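**Q** Let me give you the structure first, and then I'll get to my questions.
FYI, it's all coordinate maths here, none of it is from the lab. Model, not experiment: these values are computed from the prediction. Note that each Cβ is placed from the backbone with ideal geometry, even for glycine, and that neighbours are counted across all protein chains shown.
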Amino acid sequence: MIPVLELKTQYAAIQQEVEEAALRVLRSTRYILGPEVQAFEEEFAAWNGSAHAIGVGNGTDALQASLRALGIGPGDEVICPPHTFIATAGAVSLTGATPIFADIDLDTFNINVESAEKAITAKTKAIIAVHLYGHAAPVDQLKKIADAHGIYLIEDCAQATGSLLNGQHVGTFGICGCFSFFPSKNLGGIGDGGMIITNNDEFYGKALMVRNHGSKVRYYHDMIGTNTRLDEIQAAVLRVKLKYVNEWNTRRRAVAAAYNKGLEGVAITPTERPGCYHVYHQYTVRVPERDRFVSFLNEHGVGAVIYYPVELHMQKAFANVVPAGFSLPASEQAMKEVMSLPMYPELNDEQISTIIDTLKQFKP
Ligand SMILES: *Cc1c(COP(=O)(O)O)cnc(C)c1O
């Protein structure tokens, strides 16, 4: 069986460095907001070309803390794509604001610019663009629209560490970029972790306060914040892994290129728009008879999964915020046709050939 994701090979390749880093923290007894988090924040900001970085507990918290730092809450609307992990819009609901769903582009699966603009009302405070599967959303265009309407652009970069648009790192176009270091992401920790990056000094100050119970000075609280901190062990391990992300993303792109070539005529392969540097968190194709196709692959030893089987505007959890009969045709088509294939830098050429050959055997 070739699984959709396999982390053991990568761990073995960097085991000594990772274990030394974790041990260094254990022995230091500095576990919260110590030198590792500070160093990793500086390194991650520099790597992305942003002025600041704020380590937080996970990617969901990165989004929620950003929204709260911007003062977004009850009565406000935030525009989101429906074809994404629930955290994108869930974070909006957690602040008391309302997620409003806009449609996607079928070629990249990212939010559609016109649909996002049409969804803007007097209550809209922000648009969240998700760089889904590792491909940059059109944040250059969305930024112009956000500026014209006096609202914020927030970037959900959970699947897109290292992804570029016109040579610039995602997460640096809007007011902030929100990252997840969940173990399966392109830069994954040994547990939960997240990061917010920003070029805005004022936002940086607010986000720091939200992270740490609304306090700048210990035991003096200017607002109700929360406790969502990246911990020292995660930071130490992520510092090791950050050194390899470019190399890993390069290999992901080579795997994708091999798939693209082998799957011509078998599936609609992913688009890489001009100016984009796709980092293939997922390699997601569109196929007819998708459910039968996924079963066929799984029965023949090839992992294949559906990201995502239910669009967010169709989820029970959002039934109270979505009008009856509301429909987003492109996203609903994606929901029926998408299938993600095994994708990780350690996939070898023989496995890639096996996967392609197996896909070719499917009879629609
Ligand atoms: C993983 C993910 C998140 C949430 O990150 P966590 O660290 O799991 O909280 C948010 N948005 C997207 C698009 C994701 O893929």
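**Q** Regarding the range 223-264, what's the average projected area of the Cα-atom convex hull, expressed in nm²?
**A** Values: hull surface 22.4 nm².
If you wrap the Cα atoms of the range 223-264 in a convex hull and average its projections, you get 5.6 nm².
**Q** For the residues Ser331, Ser295, what sequence is obtained by ranking on other C-beta atoms within 10 Å, fewest first?
**A** So the ranking, lowest neighbour count to highest, is Ser295, Ser331.
**Q** Given the rule -39500 (n - 2.57) for each run of at least 4 DSSP H residues, summed and divided by the residues of the chain, what is its mean residue ellipticity at 222 nm, to the nearest 500 deg cm²/dmol? Before the final figure, lay out each step's value.
**A** Numbers: 12 runs with 142 residues, N = 364.
Helices in the chain give a 222 nm mean residue ellipticity of -12000 deg cm²/dmol.
**Q** If you don't mind, another one. Starting from 0.36 nm per residue, how many nanometres of slack lie between His213 and Arg30 once their C-alpha separation is accounted for?
**A** Residue separation times 0.36 nm, minus the Cα-Cα distance, leaves 63.9 nm.
**Q** Could I ask something else about it? Using a basic spin-label model with each label point 7 Å from the Cα along Cα→Cβ, how many nm lie between Met223 and Gln333?
**A** 4.1
**Q** So, one more: Among Thr84, Thr269, rank each residue by its count of other Cβ atoms within 10 Å, from fewest to most, as a rough exposure measure.
**A** Result, fewest neighbours first: Thr269, Thr84.
**Q** Could you tell me which residue out of Met335, Val287, Ala324 lies farthest along the dipole of the range 269-359 toward its positive end? Charges go on the beta carbon: Lys and Arg +1, Asp and Glu -1, centred on the Cα centre.
**A** In the range 269-359, that residue is Ala324.
**Q** Where Lys and Arg each count +1 and Asp and Glu each count -1, what net charge lies around Met339 among other residues with Cβ under 13 Å from its Cβ?
**A** Local net charge: +1.
**Q** Give me the number: length gained by fully extending Gln315 to Asn246, i.e. 0.36 nm times residue separation minus the C-alpha to C-alpha distance, one decimal in nm. Don't skip to the end; give the middle numbers.
**A** Working: separation 69, 0.36 × 69 = 24.84 nm, distance 3.55 nm.
Answer, rounded to one decimal: 21.3 nm.
**Q** So, one more: Starting from the Cα gyration tensor of the range 204-326, take the square roots of the eigenvalues, sort them a ≥ b ≥ c, and report rounded, prolate or oblate (rounded when a/c is under 1.5, otherwise prolate if a/b is larger than b/c, else oblate).
**A** Since a/c reaches 1.5 but b/c is at least a/b, the shape of the range 204-326 is classed as oblate.
**Q** Still on this structure: For the range 252-295, what is the convex hull (Cα atoms) projected area averaged across all directions, in square nanometres?
**A** About 3.5 nm², averaged over all directions.
**Q** Restricting to lysine pairs 8 or more places apart or on different chains, what number in the range 222-364 have Cα atoms under 21 Å apart?
**A** 5
**Q** Assign unit charges at the C-beta atoms only (+1 for Lys and Arg, -1 for Asp and Glu), then state the dipole size of the chain relative to its Cα centre in Debye, rounded to the nearest 20.
**A** 380
**Q** Can you give the relative contact order of the range 1-122 as a percent, counting alpha carbon pairs under 8 Å and 6+ residues apart?
**A** Averaging sequence separation for qualifying contacts and normalising by length gives 16 percent for the range 1-122.
**Q** Under a GNM of the chain (C-alpha, springs under 10 Å), which listed residue has the highest mean-square fluctuation: Val245, Val139, Val279?
**A** The residue with the greatest mean-square fluctuation here is Val245.
**Q** Between rounded, prolate and oblate, where does the range 1-85 land on the alpha carbon gyration tensor, with a ≥ b ≥ c its root eigenvalues, rounded for a/c under 1.5, else prolate if a/b exceeds b/c?
**A** oblate
**Q** With no solvent and one equal point scatterer placed on each C-alpha of the chain, evaluate the Debye formula and give log10 I(q)/I(0) for q = 0.11 Å⁻¹, two decimals.
**A** -0.75
**Q** So, one more: Classify the range 82-205 as rounded, prolate or oblate from the Cα gyration tensor: take a ≥ b ≥ c as the square roots of its eigenvalues, call it rounded if a/c is under 1.5, otherwise prolate when a/b beats b/c and oblate if not.
**A** Rounded is the answer for the range 82-205, as its axis ratio a/c remains below 1.5.
**Q** If you add up the charges near Gly189, with Lys and Arg at +1 and Asp and Glu at -1, over every other residue whose beta carbon is less than 15 angstrom from its beta carbon, what do you get?
**A** Combined, the nearby Lys, Arg, Asp and Glu give -4.
**Q** In a Gaussian network model over the chain where Cα atoms closer than 10 Å are linked, find which of Ile111, Ile100, Ile32 has the largest mean-square fluctuation.
**A** For the chain, modelled as a Gaussian network with Cα springs under 10 Å, the answer is Ile32.
**Q** Now for a separate question. Would you mind checking which residues have amide H under 5 Å from Val130's amide H? H placed 1.01 Å from N; only 5 or more apart, or other chain.
**A** Ile111, Asp156
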